[in-house]
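Asker: Got a structure for you, written out below as structure tokens; questions coming shortly.
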Amino acid sequence: MKTITANPTGLCFGVRRAITTLEEELAKSKKVYSLGSPIHNPQEIERLFELGLVVVDSPDDIPKGAVSFIRAHGVTPQTYAVLKERSSMLVDGTCPFVKTAQEKAEELSKDGYVVVISGDVKHPEVQAIMGYVKGPVEVIASENDIPQSLIGCRCGIMSQTTQKVASFAALVGAFVPISPEIKVYNTICKATLARQKSVSKLTSEVDGIIILGGRNSANTRNLAEIARDAGIPALLIEHADELDRGWLENKERIGIAAGCSTPDWLIKQLIEKLQKM
């Protein structure tokens, strides 16, 4: 059995930057409160807990005068103001690509467009982006979900940064016959694009692909979908101990890929386990 690792794979620039910034602050402050999980990877979160990370669901759960952290997904302007007022120090780990998406949403809104976001309305990044929109906004999961109310509207279309390229392109195409004017910003981040392309390329070289990452990570799930859409069996696992030896049977070439929120040490563990097998 031969293994081939996708290139690039694993932590993207935005997540790596956020985690590095968080680690530096934990080393100084010993305790940092993060509004929501800073990374969609349970194993990495456990490691950060040991360093003093505390994850909360609401700004009200952060003690006044504490050190607060904004994860890579970002927050709404209103939440930012609350955190700023409540904290002795606010560490902003918002991914630069997410900040760009927030700015584009605000711009489209100011220009009078109905802002259309391709993505998951429940995703924290999307909810943060929506906070920058002053007018109407719609979050649409697929081209089949466009509401009738948008027919004939001027629409500014953008994307959740971790959205699949094919899904975003399909949604944009569906607006061409129903909208008199559309303005499109491709806000899918370069790291996400690169990882999606690497998995697409890998599908022509292997008999199966192991996708390593948190099950609650949108970009990780998308990588598995890309492999399966190409007709290649894909196994999504969070860590090496979940690897099923039976799944490897009759496969001579195994691909390895990981989501943008998967740390290098987990990838190394998986490769080592496969080599032992």
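Asker: When the residues of the stretch 235-258 are narrowed to those that are within 17 Å of LYS201 (Cβ to Cβ) and not β-branched (Val, Ile, Thr), which ends up nearest to the chain's Cα centre (by Cα)?
Answerer: Applying the filter and picking the extreme gives ALA258.
Asker: Of the residues that sit in the stretch 182-200 and are free of Cβ contacts under 8 Å to residues at least 40 places away in the same chain and assigned to a helix (DSSP H, G or I), which one is nearest to GLY231 (Cα to Cα)?
Answerer: SER200
Asker: Quickly run through the stretch 100-127 and pick out the residues that are assigned to a strand (DSSP E or B) and more than 15 Å from the chain's Cα centre (by Cα).
Answerer: Of everything in the stretch 100-127, those that are assigned to a strand (DSSP E or B) and more than 15 Å from the chain's Cα centre (by Cα) turn out to be VAL114, VAL115, VAL116.
Asker: Here's a follow-up. So VAL165 fits all but one of (1) touching a Lys or Arg at 6+ places or on another chain (Cβ under 6 Å); (2) closer than 30 Å to GLY152 by Cα; what number is the exception?
Answerer: Only one criterion is unmet by VAL165, namely (1).
Asker: Let me ask something additional. If we keep just the residues of the stretch 207-234 that are surrounded by fewer than 18 Cβ atoms within 10 Å (Cβ to Cβ) and over 19 Å from the mean Cα position of the chain (by Cα), which is nearest to SER159 (Cα to Cα)?
Answerer: Selected residue: ASP229.
Asker: Please find, among SER179, SER167, the residue that is within 19 Å of SER118 (Cβ to Cβ), of a type in the set (Gly, Ala, Ser) and touching a residue at least 40 places away in the same chain (Cβ under 8 Å).
Answerer: Unique residue meeting the criteria: SER167.
Asker: State all residues of the stretch 48-86 that are more than 20 Å from GLY131 (Cα to Cα) and touching a residue at least 40 places away in the same chain (Cβ under 8 Å); if no residue qualifies, say none.
Answerer: Hit for the stretch 48-86 is VAL67, nothing else.
Asker: Filtering the stretch 137-158 down to residues that are in contact (Cβ under 8 Å) with a residue 12 or more places away in the chain and small (Gly, Ala, Ser), which residue is farthest from HIS73 (Cα to Cα)?
Answerer: Among them, the one singled out is GLY152.
Asker: Just name the residue that is nearest to THR162 (Cα to Cα) out of those in the stretch 30-61 that are hydrophobic (A, V, I, L, M, F, W, C) and not in a strand (DSSP E or B).
Answerer: Among those residues, the one meeting the criterion is ILE39.
Asker: Pairs needed: first member in the stretch 12-28, modelled with pLDDT under 95; second member anywhere, assigned to a helix (DSSP H, G or I); C-beta distance under 6 Å; at least 6 residues apart or different chains.
Answerer: CYS12/ALA191; PHE13/ALA191; GLY14/PHE97
Asker: If you check LYS201 against the conditions, is it of a type outside the set (Gly, Ala, Ser) and under 23 Å from LEU248 (Cα atoms)?
Answerer: Taking the combined requirement at face value, the residue satisfies it.
Asker: Residue pairs, Cβ under 6 Å, 6 or more apart or interchain, first in the stretch 121-136 and surrounded by fewer than 17 Cβ atoms within 10 Å (Cβ to Cβ), second aliphatic (A, V, I, L, M). List them.
Answerer: VAL121/VAL139; PRO136/VAL114
Asker: Does the stretch 62-79 hold any residues that are surrounded by 19 or more Cβ atoms within 10 Å (Cβ to Cβ), within 11 Å of LEU35 (Cβ to Cβ) and over 18 Å from the mean Cα position of the chain (by Cα), and which are they?
Answerer: ILE62, SER68
Asker: Take the residues in the stretch 2-15 that are surrounded by fewer than 19 Cβ atoms within 10 Å (Cβ to Cβ) and of a type outside the set (S, T, N, Q); name whichever of them is farthest from CYS260 (Cα to Cα).
Answerer: Looking at residues that are surrounded by fewer than 19 Cβ atoms within 10 Å (Cβ to Cβ) and of a type outside the set (S, T, N, Q), I get LYS2.
Asker: Let me ask something additional. Need the failing condition index for THR161 against (1) closer than 12 Å to HIS73 by Cβ; (2) assigned to a helix (DSSP H, G or I), just the number.
Answerer: (2)
Yes/no per residue for (1) in a loop (DSSP other than H, G, I, E, B); (2) within 21 Å of GLY14 (Cα to Cα); (3) of a type outside the set (A, V, I, L, M, F, W, C):
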site: PRO63; (1), (2), (3): yes, no, yes
site: GLY74; (1), (2), (3): yes, yes, yes
site: GLN78; (1), (2), (3): no, no, yes
site: VAL82; (1), (2), (3): no, no, no
site: LEU90; (1), (2), (3): no, yes, no
site: VAL98; (1), (2), (3): no, yes, no
site: ILE129; (1), (2), (3): no, yes, no
site: VAL139; (1), (2), (3): no, no, no
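The values are calculated or read from the model by the stated rules, or taken from the named source; none is laboratory data. Not measured: the values here are computed from a predicted model. Ideal geometry is used to build each Cβ from the backbone, glycine not excepted, and the neighbour counts take in all protein chains shown.
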